[in-house]
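Take a look at the structure set out below.
The values are calculated or read from the model by the stated rules, or taken from the named source; none is laboratory data. Not measured: the values here are computed from a predicted model. FYI the Cβ positions are ideal-geometry reconstructions off the backbone, even for glycines, and counts take in every protein chain you see. Quick note on the areas: whole protein, heavy atoms, side chains included, nothing else; ligands and nucleic acids left out. Shrake-Rupley method; radii C 1.70, N 1.55, O 1.52, S 1.80 Å.
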Amino acid sequence: MNKKNALLMAYDKAGIADFARGLISLGYAVYGSKGTVEHLAKDGVQAIDIAGIVGEPILGHRVVSLSREISAGILARDVEEDRAELTKHGITWFDLVCVDFYPLAKELADPAHTKDSVIEKTDIGGPTAVRAAAKAGRVVICDPVDRERVLAWLSGGRPDEEAFLDALAAKAEAVVARYVIASAEGRSNGDYAGMVGKQSALCKYGENAYQAPAALFDTETNDPLALSAFQVIEGTPPSYNNWCDIDRLLQTATHIAAGFDTNRGKVPFMAIGVKHGNACGAAVGENAEEVLRNMLAGDPLSIFGGLVLANFPIDDECSEVLAGKMLDGVIAPSFTEGARDRLRRKGDRCRFIENPALGALSKDSLDTAPRTRYVRGGFLRQPNYTYVANFSASELQKLGDASKAQEDDMLLASAIGSTSNSNTIALVKNGMLIGNGVGQQDRVGAAKLVIERATRSGHDIKGASAYSDSFFPFPDGPQTLIDAGVSAIFSTSGSVKDKDTIELCASKNVPLYLIPDSMGRGFFGH
């Protein structure tokens with residue numbers, strides 16, 4: 001019984017032979033399911049088929065690993081009584097269990113899946129073996145990325161054994177939970193839902209100091225723009241509010257990228273400044289330094305203490321533009337050492353956060369995962385915000401002839417307005433956000449606010465383009481904008497007073513672009 005035994009059952013056989021060789025070199029006898037054993041044999045690795053332990057296979061080999069012998073070999077306690085009983089019945093003790101499951105989530109995501117195909121891809125033996133190993137304190141591996149780490153740990157003499165095994169067991173339970181949730185959601189057509197996340201960052205506290213503890217959890221989607229993929233290369237760890245702002249920055253940045261990629265075939269340089277979740281500065285263009293200057297000039301008062309995101313590297317020249325703004329952080333594909341030196345704040349208050357994926361934003365960068373929000377006693381779930389203005393769409397009414405520059409400004413305004421707290425009206429002029437009137441309870445109030453904010457920052461509104469995140473219920477909103485100098489408006493249709501708004505814009509020679517409210521309404525952040 002002193003010989004160590006490993007049980008391997010791999011659906012994805014990539015790398016399993018190398019792992020088995022590593023175990024054998026450490027003195028393990030390798031056992032496996034029929035498919036795994038056959039695969040190992042082809043690769044020159046000898047393993048023992050567990051069918052020989054449980055007797056003649058039945059039901060097409062579907063219940064081999066669910067036998068009493070396999071479960072007992074995993075669940076037996078490391079006490080004399082249990083070991084003696086295993087010996088009495090000729091049952092193999094398993095020290096290590098390495099299993100990955102049938103790809104159920106992938107099958108459910110296939111539009112062509114059927115009930116039978118889902119049942120066929122629903123693993124029972126794998127999750128059972130993994131949970132048994134987790135419960136019994138065995139070495140349990142349910143993710144191929146952990147194999148090399150486990151081999152290194154075994155080779156190194158099993159340091160911090162209890163903590164290491166507990167971490168493997170917790171991951172195993174989480175992986176099984178995620179698997180079962182996928183099954184419940186798929187089999188119920190959405191009547192059940194849930195999520196499992198792994199803590200990826202601690203926050204000092206939540207939105208307020210008394211809301212502690214707080215943390216960021218990663219649902220492990222392999223999304224290159226997931227918040228866990230952003231690396232803090234210098235500065236204090238982001239706060240809860242910082243992470244919320246970064247998430248909103250990503251919504252805005254990806255919508256800008258998608259809008260320009262869809263309509264212009266390329267994504268310009270962009271920079272966005274955010275305070276309390278809403279853009280207070282944003283600009284697009286072909287010159288990085290100019291884009292940063294225009295972003296900062298959008299609302300110079302609000303940008304202090306804000307976060308800035310750019311889709312281009314922050315080099316020494318760019319840092320000169322940002323210097324002195326007391327920023328809470330800068331997010332970019334990369335930074336030069338000189339840029340960090342120039343922007344560094346006392347007490348590491350300016351965070352430098354890198355993600356190379358920001359340099360490759362496109363129309364495919366939108367977040368398409370469902371959005372979930374806690375409410376008392378449960379949670380709300382909805383599809384993500386994925387509407388992108390397409391000025392070639394047949395549903396779009398072009399009432400008047402907007403110039404290419406006006407259209408570009410409307411694209412930027414719509415990306416900003418549809419990712420700011422509604423009700424929102426955003427003003428853009430010459431590729432630069434000059435005002436963002438967010439969070440209002442009436443449309444004309446949003447129009448008055450955006451004008452007030454643009455005027456406060458010293459902007460000339462004449463020639464600006466406006467975006468409204470829903471239709472104007474009365475023509476007083478567009479009248480307010482036009483009186484201030486707005487020269488083009490992008491909104492939605494659906495009001496009983498649409499005709500009045502259309503007639504007003506026509507009489508003032510202001511191009512009006514309308515998309516049906518049911519299709520393009522941009523409400524966000526309620």
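Being part of a helix (DSSP H, G or I), among the aliphatic types (A, V, I, L, M), more than 30 Å from residue 77 (Cα to Cα) and out of contact with any Leu (no Cβ under 7 Å at 6 or more places or on another chain) is the filter here, so list the residues in the range 108-154 that pass it.
Once the filter is applied, which keeps residues that are part of a helix (DSSP H, G or I), among the aliphatic types (A, V, I, L, M), more than 30 Å from residue 77 (Cα to Cα) and out of contact with any Leu (no Cβ under 7 Å at 6 or more places or on another chain), the range 108-154 yields 108, 109, 119.
If I ask for residues that are over 15 Å from residue 94 (Cα atoms), part of a loop (DSSP other than H, G, I, E, B) and open to solvent by less than 20 Å² (accessible area, probe 1.4 Å), which ones from the range 19-72 would you list?
45
Quick grid of which residues meet (1) within 28 Å of the chain's Cα centre (by Cα); (2) at negative phi; (3) of a type in the set (D, E, K, R); (4) surrounded by fewer than 22 Cβ atoms within 10 Å (Cβ to Cβ):
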position	(1), (2), (3), (4)
395	no, yes, yes, yes
409	yes, yes, yes, no
427	no, yes, no, no
455	no, yes, no, yes
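Return a yes/no flag: does the range 152-174 have any residue that is among the hydrophobic types (A, V, I, L, M, F, W, C) and within 30 Å of residue 338 (Cβ to Cβ).
no
Go through (1) in contact with a Ser or Thr (Cβ under 8 Å, 6 or more places away or on another chain); (2) assigned to a loop (DSSP other than H, G, I, E, B); (3) open to solvent by 60 Å² or more (accessible area, probe 1.4 Å) for residue 217 and report which single condition fails.
Here residue 217 clears every test but (2).
Pairs under 6 Å by beta carbon, first residue touching a residue at least 40 places away in the same chain (Cβ under 8 Å) in the range 500-520, partner aromatic (Phe, Trp, Tyr) and not in a strand (DSSP E or B), six or more apart or different chains?
Sorted first by the residue in the range 500-520, then by its partner, the pairs are 517/471; 520/387.
When residue 305 is evaluated against the numbered criteria (1) small (Gly, Ala, Ser); (2) in a loop (DSSP other than H, G, I, E, B); (3) over 20 Å from residue 251 (Cβ atoms); (4) in contact with a helix residue (DSSP H, G or I) (Cβ under 9 Å, 6 or more places away or on another chain), which criterion, by number, is the only one it fails?
It is condition (4) that residue 305 fails.
With the checklist (1) without any contact (Cβ under 8 Å) to a residue 12 or more places away in the chain; (2) part of a loop (DSSP other than H, G, I, E, B) in hand, flag the one item residue 300 doesn't pass.
Unmet condition: (1).
Given the conditions (1) open to solvent by 40 Å² or more (accessible area, probe 1.4 Å); (2) within 26 Å of residue 363 (Cα to Cα), which single one is not true for residue 193?
Status for residue 193: all satisfied but (2).
When you go through (1) within 22 Å of residue 196 (Cβ to Cβ); (2) in a helix (DSSP H, G or I) one by one for residue 99, which number turns out not to apply?
(2)
Scan the range 140-162 residue by residue and report those that are within 20 Å of residue 32 (Cα to Cα) and either touching a Lys or Arg at 6+ places or on another chain (Cβ under 9 Å) or among the hydroxyl-bearing types (Ser, Thr, Tyr) (or both).
140, 141, 142, 143, 146
Report every pair of residues separated by at least 6 positions or lying on different chains whose Cβ atoms are under 8 Å apart, first residue within the range 163-183 and farther than 12 Å from residue 127 by Cα, second of a type in the set (Ser, Thr, Tyr).
Listed by first residue and then by second, the contacts come to 181/192; 183/122.
Please give the number of the condition residue 246 fails out of (1) under 20 Å from residue 289 (Cβ atoms); (2) not in a strand (DSSP E or B).
Against the list (1) under 20 Å from residue 289 (Cβ atoms); (2) not in a strand (DSSP E or B), residue 246 comes up short only on (1).
Determine whether residue 88 is of a type outside the set (Phe, Trp, Tyr), open to solvent by 60 Å² or more (accessible area, probe 1.4 Å) and within 29 Å of residue 122 (Cα to Cα). Quick ask: steps written out before the conclusion?
Numbers: of a type outside the set (Phe, Trp, Tyr): yes; open to solvent by 60 Å² or more (accessible area, probe 1.4 Å): yes; within 29 Å of residue 122 (Cα to Cα): no.
No; evaluated as a whole, the condition is false for this residue.
Consider the range 331-370. How many of its residues are under 30 Å from residue 262 (Cα atoms) and open to solvent by less than 60 Å² (accessible area, probe 1.4 Å)? Step through it out loud before you land on a result.
Kept after step one, since they are under 30 Å from residue 262 (Cα atoms), are these residues of the range 331-370: 331-335, 353-370.
Cutting the leftovers down to open to solvent by less than 60 Å² (accessible area, probe 1.4 Å) gives us 331-335, 353-355, 357-359, 361-362, 365-367, 369.
Of the residues in that region, 17 qualify.
Say we look at the range 371-384 and pick out the residues that are outside any strand (DSSP E or B) and on the phi < 0 side of the Ramachandran plot; which of these is most open to solvent (accessible area, probe 1.4 Å)?
Taking the range 371-384 first, the residues outside any strand (DSSP E or B) are 376-377, 383-384.
Then drop every residue that is not on the phi < 0 side of the Ramachandran plot, which leaves 376, 383-384.
Details: 376: 231, 383: 108, 384: 16 Å².
Among them, the one singled out is 376.
In the range 321-330, how many are at pLDDT 95 or above and either out of contact with any strand residue (DSSP E or B) (no Cβ under 8 Å at 6 or more places or on another chain) or open to solvent by 20 Å² or more (accessible area, probe 1.4 Å) (or both)?
1
For the range 250-285, how many residues meet the condition of being over 20 Å from the mean Cα position of the chain (by Cα) and part of a helix (DSSP H, G or I)?
5
Search the range 321-337 for residues being charged (D, E, K, R) and in contact (Cβ under 8 Å) with a residue 24 or more places away in the chain, and hand back the single one that is nearest to residue 247 (Cα to Cα).
By that ranking, first place goes to 328.
So, in the range 220-239, exactly how many residues are at pLDDT below 95 and either touching a His at 6+ places or on another chain (Cβ under 6 Å) or open to solvent by 60 Å² or more (accessible area, probe 1.4 Å) (or both)?
Qualifying residue count, the range 220-239: 4.
Among the residues of the range 307-317, is there at least one that is in contact (Cβ under 8 Å) with a residue 60 or more places away in the chain and either within 21 Å of residue 421 (Cβ to Cβ) or open to solvent by less than 30 Å² (accessible area, probe 1.4 Å) (or both)? Don't jump to the end; show me each part of the working.
Looking only at the range 307-317, we keep the residues that are in contact (Cβ under 8 Å) with a residue 60 or more places away in the chain, and these are 307, 309.
Filter once more, keeping what is either within 21 Å of residue 421 (Cβ to Cβ) or open to solvent by less than 30 Å² (accessible area, probe 1.4 Å) (or both): 307, 309.
Yes.
Could you figure out which of (1) of a type in the set (Ser, Thr, Tyr); (2) open to solvent by 10 Å² or more (accessible area, probe 1.4 Å); (3) farther than 21 Å from residue 241 by Cα isn't true of residue 302?
Single failed check for residue 302: (3).
Looking only at residues that are of a type in the set (S, T, N, Q) and under 22 Å from residue 255 (Cβ atoms) in the range 472-526, which one is surrounded by the fewest Cβ atoms within 10 Å (Cβ to Cβ)?
Step by step, filter the range 472-526, then rank; the result is 518.
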